[in-house]
Structure formats: C-alpha cells, structure tokens
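Quick note: the coordinates plus some simple rules give every number you see, no bench work behind them. This is a predicted model, so every value here is computed, not measured. Methodologically, a virtual Cβ is constructed for each residue, glycine included, from the backbone with ideal geometry; neighbour enumeration extends over all protein chains shown.
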Amino acid sequence: MKFIRGVLLFLIFVVISLFVLSFLAPDKQQVVKSIVINAPVKKVYAQMILLQNFNNWSVWNQSDSSIRYTTNQLPDGQVGTTVMWEGSALLAGKGKIALTGLIPEKQITHHISLLEPQKLEADSRFDLRDQNGATTVTWTFTIPSEKPWNVFNMFFNLEKEKGSDFERGLQALKLIIEKAPIRDQNAPKIITAHFPLTHYVAIKQRVLWADLSSFFTTHFHHLEHYTLKDSATASLRVGLFYKKDEKALQSDVAAAVEIPAGFQPQLQTPEERISVPAAKAIEATVKNTPALKDLAYKTLNDYAAEKQLKIKMPVIEQYNARDSTARIIYLVE
C-alpha cells in the first residue's frame with residue numbers, strides 16, 4: 001500500500017513539475033540565419049518563390065538519391081502550391097512543403113509538415129531587404145511546441161543541433177542565384193516539350209540576315225502554291241536555321257512548310273524534303289518582332305546553359321499569321 005501511495009505521489013509530482021516547467025520552457029524552437037547575395041532583390045525573389053528551386057538548395061534532401069517529388073498541380077510560385085516528397089526513412093523521410101504567403105520582393109512564407117519517420121510542423125519565413133543593389137536574405141525557421149511537450153525545449157537546442165544546415169542551405173542559394181543569369185521581366189516563359197518527327201518541303205540556301213524577310217516571303221508562297229498545290233494553306237510556315245556566320249551576317253536557312261499527311265509532293269530543284277527527327281525540346285512563343293525574338297533567343301540560350309542542355313540543329317521558328325506570333329523551338333539533349 002505504501003508502495004502504491006509512493007508511486008502515486010511520484011506521478012503527481014511529475015505532472016505538477018511538467019505543468020510548472022511548461023510555463024518556464026520556451027514555446028517554440030527557432031533558428032534565424034542571414035546571408036548577403038550579390039544580386040538585386042527582384043532576381044532573388046523570382047528564384048525563391050519557386051518551390052522546385054527550394055528543393056535544389058535546401059540541404060536536407062540532397063543526400064537522399066531515392067527521393068521523389070510530386071505537386072498539387074498548381075503553378076509553381078503561386079500561394080497554395082504544395083510539393084510532397086518521399087524518400088528513404090533514414091534520410092529525407094516523407095513530408096510536404098506549401099507556399100503560404102508572398103509579399104512581392106519582400107517576404108516568402110512556407111509551412112512544412114514532416115510525416116515520416118516522425119511528425120512535425122514548422123513555419124519558414126524569408127525576409128528580403130535591398131542592400132545597395134545586393135540582397136540580404138534572412139531565414140527564420142520556427143517549430144512551435146505545445147504544452148507540456150515544450151519542456152523538451154529545455155534540453156534540445158535547434159540552433160545548436162541544426163543551425164549549420166540552415167547556413168549551408170543559404171550558401172547554396174547564394175551560389176545558385178549569383179551564377180544564374182539575370183532575366184528580363186519581359187522574357188517569355190520557357191516550355192519543355194516533345195517535338196514529333198516532322199516532314200517538310202523546303203528551299204534551303206545561305207542567306208544574308210538583311211535578306212531573310214524577302215527570302216521567306218518569296219519561297220513560302222512558292223512552296224504553298226506550286227509545290228504543295230495549296231493543300232497546306234492551314235499549315236504553319238516554318239524557318240529552319242542551321243549554321244550561323246556572325247562575321248558575314250548570314251545563315252544557312254530553309255523556308256519550309258509541313259507536308260500534309262498522305263500528300264506526296266513532286267519536287268523540283270531547288271526544293272527538297274527535310275525530315276526533322278523527334279526530340280526533346282524547349283520553346284518560347286512571342287510576337288513576331290525583331291526585339292521580342294531577340295529576347296526569346298537570349299532567354300532560351302540562358303535556360304539551355306543553366307540546365308546544361310546541348311542544342312541540336314536546326315533551330316525552328318514557326319510563324320502564325322493569325323496572331324502574328326513566332327514560336328521558337330530548340331531541339332535539345
């Protein structure tokens with residue numbers, strides 16, 4: 001009886017102690033780290049709002065080669081976008097991160113849920129501040145603790161145990177952004193696609209850049225009216241660009257029209273049949289003006305360099321007369 005009474009008194013003492021300590025212990029664990037990135041706020045913000053980029057520089061999942069990501073299909077960079085991950089139970093585990101708030105060029109907030117091997121909820125906030133053309137990024141990571149479990153905060157220090165992870169993450173972010181090209185705010189969106197095997201009837205020549213417009217106008221009309229006998233009036237006109245000579249300001253280029261299915265054109269010199277094999281592709285669509293096309297080419301080149309893609313010839317320009325746009329396609333590997 002005395003033993004039972006002693007156990008009960010001990011349990012009561014433990015409960016009371018936990019209750020008292022819960023009011024003395026911190027109600028959250030928090031890490032705050034900062035770094036200066038040598039890039040304008042606009043560039044840093046554009047990189048950081050994308051959850052796919054968070055996964056590139058956050059150190060926690062980098063050591064897990066088995067990790068897989070899925071999304072909730074919302075456009076990346078939009079509040080509500082969620083990325084779920086699942087990897088090794090000993091490394092990345094299972095969880096999700098949601099983009100919960102944006103203050104343009106000032107603040108980005110996330111909510112992180114760890115589901116396996118242990119459950120944990122955390123809030124992540126990035127504050128961006130201009131510093132003479134550079135950007136100070138302050139990362140505040142908070143794990144709230146409910147009473148009475150917050151007493152464990154008296155024995156565990158997140159800053160001490162994991163602070164270096166946050167520093168390495170910010171260093172990786174700095175490296176990525178400072179190496180990334182600055183993108184014009186008017187730059188077109190880059191789309192990854194699959195280009196199918198396509199057959200063209202074409203006239204290919206070496207043409208001075210100053211003569212490209214007249215070259216295309218003359219030969220598109222010839223191909224459509226005489227070679228395809230107006231069977232392809234609904235087809236897009238296409239420019240196929242091969243070797244470029246910057247010194248002579250000229251290119252090997254073909255004016256081309258896709259051959260309709262089932263049609264067998266009767267070719268005469270200088271007409272030829274060109275088949276472009278199926279391939280992975282990146283593309284951008286812009287209004288068919290010299291300035292916007294130049295910007296599209298720059299954006300595509302920057303993207304290919306950043307992703308370490310090899311560009312294959314020909315570069316394809318599709319011209320849509322209905323809305324006066326040009327779709328520029330890079331075949332890549």
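Legend: calculated FRET efficiency, Ser164 to Thr218, from the Cβ-Cβ distance at R0 = 45 Å, rounded to 0.05, equals 0.10. For the range 191-261, the relative contact order works out to 44 percent when only alpha carbon pairs closer than 8 Å and six or more residues apart are counted.
Quick check: residue separation of Glu121 and His199 times 0.36 nm, minus the Cα distance between them. What number comes out in nm?
Going from the current span to full extension adds 22.6 nm.
Work out the FRET efficiency for Asp245 and Tyr69 from their Cβ-Cβ distance, taking R0 = 35 Å, and round it to the nearest 0.05. Efficiency, rounded to the nearest 0.05: 0.20. Classified by the C-alpha gyration tensor, the range 191-332 has a prolate form. Its axis ratio a/c, with a ≥ b ≥ c, is 1.5 or above, and a/b is larger than b/c. Put simply, the range 243-309 fits an ellipsoid with semi-axes of 28, 18, 13 Å; these come from the alpha carbon gyration tensor as the roots of five times its eigenvalues, largest first. Residue separation of Lys42 and Thr140 scaled by 0.36 nm, minus their Cα-Cα distance, works out to 33.3 nm of gained length.
Remark: spin-label model distance Asp252-Ala210 equals 2.4 nm, labels positioned 7 Å along the Cα→Cβ axis. With the alpha-carbon atoms of the range 78-144 aligned to their principal axes, the span from lowest to highest coordinate is 44, 22, 22 Å, starting with the largest.
Computed on the range 64-118, with alpha-carbon pairs under 8 angstrom and 6+ residues apart, the relative contact order is 28 percent.
Using a Förster distance of 41 angstrom, determine the FRET efficiency expected from the C-beta separation of Ala291 and Val32, and round it to 0.05. Efficiency, from the Cβ-Cβ distance: 0.40.
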